[in-house]
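The values are calculated or read from the model by the stated rules, or taken from the named source; none is laboratory data. Keep in mind it's a predicted model, so treat the numbers as computed, not measured. Cβ placement follows ideal geometry from the backbone for every residue including glycine, while neighbour counts extend to all protein chains displayed. Surface accessibility is based on the protein's heavy atoms, side chains included, excluding ligands, DNA and RNA. Shrake-Rupley method; radii C 1.70, N 1.55, O 1.52, S 1.80 Å.
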Amino acid sequence: MRAPLPLLLLLVACPSAAPPPDAGSTGGSGPIAGAADAGVCGFACRGGQLCAAIGVCVACLSDADCAGSPSTPHCETRAGADLLFGSCVECVDGAQCGGGRSCSPSDDDCVPTCTASSCPASQRCDPGSGACVDCLGDPDCGGARCNPVTHGCVECLQPSDCPVSQPGCYQGGCGQCAIASDCPGSEACVEGACACGPNAACPAVTPTCFADGGVCGCTAGGCAGAGEVCDPDQGPAGACVLACGAPDGGCPGPLRCDAASGLCVECLTGADCADPTAPVCVAGACAQCAVDADCGDAGAPRCSSGHLCVQCSSPSQCPADQVGCNAASGSCGSCAENSDCPAGLGCAVSALCAPFCGTAAAVNGGCADCRTAADCPDAGCDVDSGVCG
């Protein structure tokens, strides 16, 4: 958790650099572009705001700054107050409310003092503040964290609560920052986002700083931990993970261990790919085919124009007892158009290849002339008989 802030925040002189778009927001600001880690604002605060020691512009630094707000006479200066920090509020302590009333830590309003039975089913009665709150501890937050100041459920209380893909914890949210202590390891806060400098600024799990994006990640062979490899799919620039083949390694669920890379992958061969629309294993992932060689299944050895492994892609690839290759399904033994049949045959109404009507080989009821008008350039097609005319 970040170091507690002093209760007495110093008013500091703010440079006159142009403020970012959110510098004039009221009641505790969001991530501030240009905020200096030395504890001063990197721009001039505007709209009557003051520069707090954490490098953000706020509405107040003490109760004296709230003298013009009779209904909100107190200044919220508690570390961890999140969005309320630096705002003029009704109360920050129950002693500032009348008899039978307490100060709600979630919104700094005076509310009736709670009892075990007076709070909504989704809330708890906080014995410390005397107000109904969302949580008293992490177990009340279903996997999230309970802010001990506001007693609200948040994504994070400290940078280590956030995933590698969202570095930084600010005002209870991952992936953002105001100062360096909001970021993991020795990363700096640059324009509201955690960014690395030299490699030394990166934690061991992401030991390499990619200067072009200001993010920590890893490279092949760049992980120092025993049995660790770089997984390029972890986080924005990769992260070091324990090799799946290591003594304590392994792969969750249906994933396979690729011994060569040490990474868990979707597939090792096409046999691991159950989805017929992605039957080929390419670089550990199930994908569509590009050429016939990508299709290893003896029952579907051809790659269709739709990049699926099929039984056939032309009539010549079908055996004599399964005449015709249906282009729509990629299967032998049926047809949808005359072009699905070998030379000299057409597609009859029965969806089977047959001799053309009027030829010596034609059999009554089983001949093929046309299936659509497109097969009869000079006349219509009688679809019942499959005859042009």
Inset, instruction - Report, ordered by the first and then the second residue, all pairs with beta carbons closer than 8 Å, sequence separation of six or more or different chains, a first member in the range 239-263 that is touching a residue at least 40 places away in the same chain (Cβ under 8 Å) and within 23 Å of residue 216 (Cβ to Cβ), and a second member that is outside any strand (DSSP E or B) and open to solvent by 70 Å² or more (accessible area, probe 1.4 Å). - result: none
Inset, instruction - For the range 190-201, state whether one or more residues are closer than 28 Å to residue 231 by Cβ, open to solvent by less than 40 Å² (accessible area, probe 1.4 Å) and touching a Pro at 6+ places or on another chain (Cβ under 6 Å). - result: yes
Inset, instruction - Go over the candidates 123, 171 one by one and state the one that is modelled with pLDDT of 90 or more and either closer than 30 Å to residue 95 by Cα or open to solvent by 20 Å² or more (accessible area, probe 1.4 Å) (or both). - result: 123
Inset, instruction - Give me a count of the residues in the range 304-324 that are under 20 Å from residue 370 (Cα atoms) and surrounded by fewer than 16 Cβ atoms within 10 Å (Cβ to Cβ). - result: 1
Inset, instruction - Scan the range 325-340 residue by residue and report those that are assigned to a loop (DSSP other than H, G, I, E, B) and either open to solvent by 10 Å² or more (accessible area, probe 1.4 Å) or free of Cβ contacts under 8 Å to residues at least 24 places away in the same chain (or both). - result: 327, 328, 329, 333, 334, 335, 336, 337
Inset, instruction - Could you please give the count of residues in the range 179-189 that are in a loop (DSSP other than H, G, I, E, B) and buried (at least 24 other Cβ atoms within 10 Å of the Cβ)? - result: 2
Inset, instruction - Quick one: count up the residues across the range 229-275 that are crowded, with 20+ Cβ neighbours inside 10 Å, touching a Pro at 6+ places or on another chain (Cβ under 8 Å) and closer than 17 Å to residue 203 by Cβ. - result: 2
Inset, instruction - Note down all Cβ pairs under 8 Å where the first residue falls in the range 158-172 and is closer than 14 Å to residue 196 by Cα, the second is surrounded by 22 or more Cβ atoms within 10 Å (Cβ to Cβ) and aliphatic (A, V, I, L, M), and they're at least six residues apart or on different chains. - result: 164/239; 167/215
Inset, instruction - Search the range 70-116 for residues being among the aliphatic types (A, V, I, L, M) and more than 18 Å from residue 57 (Cβ to Cβ), and hand back the single one that is most open to solvent (accessible area, probe 1.4 Å). - result: 116
Inset, instruction - Being at pLDDT below 70 and among the hydrophobic types (A, V, I, L, M, F, W, C) is the filter; apply it to the range 343-372 and report the residue that is most open to solvent (accessible area, probe 1.4 Å). - result: 360
Legend entry - Members of the range 212-228 that are crowded, with 22+ Cβ neighbours inside 10 Å and in a loop (DSSP other than H, G, I, E, B): 218, 223
Legend entry - Residue check, residue 295 at pLDDT below 85 and touching a Lys or Arg at 6+ places or on another chain (Cβ under 8 Å): yes
Legend entry - Extreme residue, farthest from residue 326 (Cα to Cα), among residues of the range 256-309 that are over 28 Å from the mean Cα position of the chain (by Cα) and outside any loop (DSSP other than H, G, I, E, B): 271
Legend entry - Subset of the range 147-163 [crowded, with 18+ Cβ neighbours inside 10 Å, closer than 17 Å to residue 181 by Cβ and of a type in the set (S, T, N, Q)]: 147
Inset, instruction - Output the residues belonging to the range 256-281 that are aliphatic (A, V, I, L, M) and closer than 24 Å to residue 246 by Cα. - result: 259, 260, 263, 265, 268
Inset, instruction - Taking residue 135 as the residue in question, decide whether it is under 20 Å from the mean Cα position of the chain (by Cα) and either open to solvent by 50 Å² or more (accessible area, probe 1.4 Å) or not aromatic (Phe, Trp, Tyr) (or both). - result: no
Legend entry - Filter result for the condition that a residue is out of contact with any His (no Cβ under 8 Å at 6 or more places or on another chain), open to solvent by 70 Å² or more (accessible area, probe 1.4 Å), free of Cβ contacts under 8 Å to residues at least 24 places away in the same chain and not polar (S, T, N, Q), over 278, 283: 283
